[in-house]
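Student: Here it is, the structure, as structure tokens.
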Amino acid sequence: MTEAAQALRDWDSFFVIVGSSAGALTGLQFVVLTLIADSPATRGRSDSVSAFGSPNVVHFCAALLVSAIFSAPWNSLGAPGIALAVCGALGVVYSLTVIRRTMLQQDYKPVLEDWTWHCALPLLSYAALVHAGLALGHNRADTLYIVGAASLLLVFIGIHNAWDTVTYVTLVMRPGPEEAGATSASPPAAPANPRPAPTDPPKN
């Protein structure tokens, strides 16, 4: 067994755990989108979904793809390194697109935590994957620690952002029980132009 194959075998259990977790957690985003669709305040806001919802699915799928790449039976680190570098480069481009969408959308004003988790950390993770992929081309097996950290960070980012969206929609965007009760108990509005009541004909 070559040194590269032995290094990948040592990481096999880690990538199996990360990949299976990322694949299972992808269903979490469907729950988030269901809550968004059921909320009248967020219905039809595609710009916000593109900036804060869809990237979570991409992060989960990226972690799953990285885990699948390094679970394959490679005989060297060069080929998976190239695949990892391409994956990371595409992630960097997508992260820059997400930053642009976040700046253009008008439905929500991001705070520092949003910029950190939705923009900065994903960009850092994908840039780390590019660096690790290029380093693996020189048979640097210790770079697998960077790959593992970046892929695990993508899973944590997706979990945090999905939970953040759920709490925002359920606690902030949805009307409270007082507002819902006031709306249901309010009487119907009077017609704008009511028909005048009939009058008796004049007596001679």
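The values are calculated or read from the model by the stated rules, or taken from the named source; none is laboratory data. This is a predicted model, so every value here is computed, not measured. Because the Cβ atoms are built from the backbone with ideal geometry, glycine has one as well, and the counts that use them run over all protein chains shown.
Student: Could you list all residues from segment 14-59 that are more than 10 Å from the chain's Cα centre (by Cα), β-branched (Val, Ile, Thr) and modelled with pLDDT under 80?
Tutor: Listed by number, the residues that qualify are Val31, Thr34, Ile36, Thr42.
Student: For segment 6-30, what are the residues that are surrounded by 14 or more Cβ atoms within 10 Å (Cβ to Cβ) and among the small types (Gly, Ala, Ser)?
Tutor: Across segment 6-30, the qualifying residues are Ala7, Gly19, Ser21, Ala22, Gly23.
Student: I would also like to ask the following. Within segment 134-159, which residues are of a type in the set (A, V, I, L, M, F, W, C), within 20 Å of Thr2 (Cβ to Cβ) and surrounded by 18 or more Cβ atoms within 10 Å (Cβ to Cβ)?
Tutor: Once the filter is applied, which keeps residues that are of a type in the set (A, V, I, L, M, F, W, C), within 20 Å of Thr2 (Cβ to Cβ) and surrounded by 18 or more Cβ atoms within 10 Å (Cβ to Cβ), segment 134-159 yields Ala135, Leu136, Leu144, Val147.
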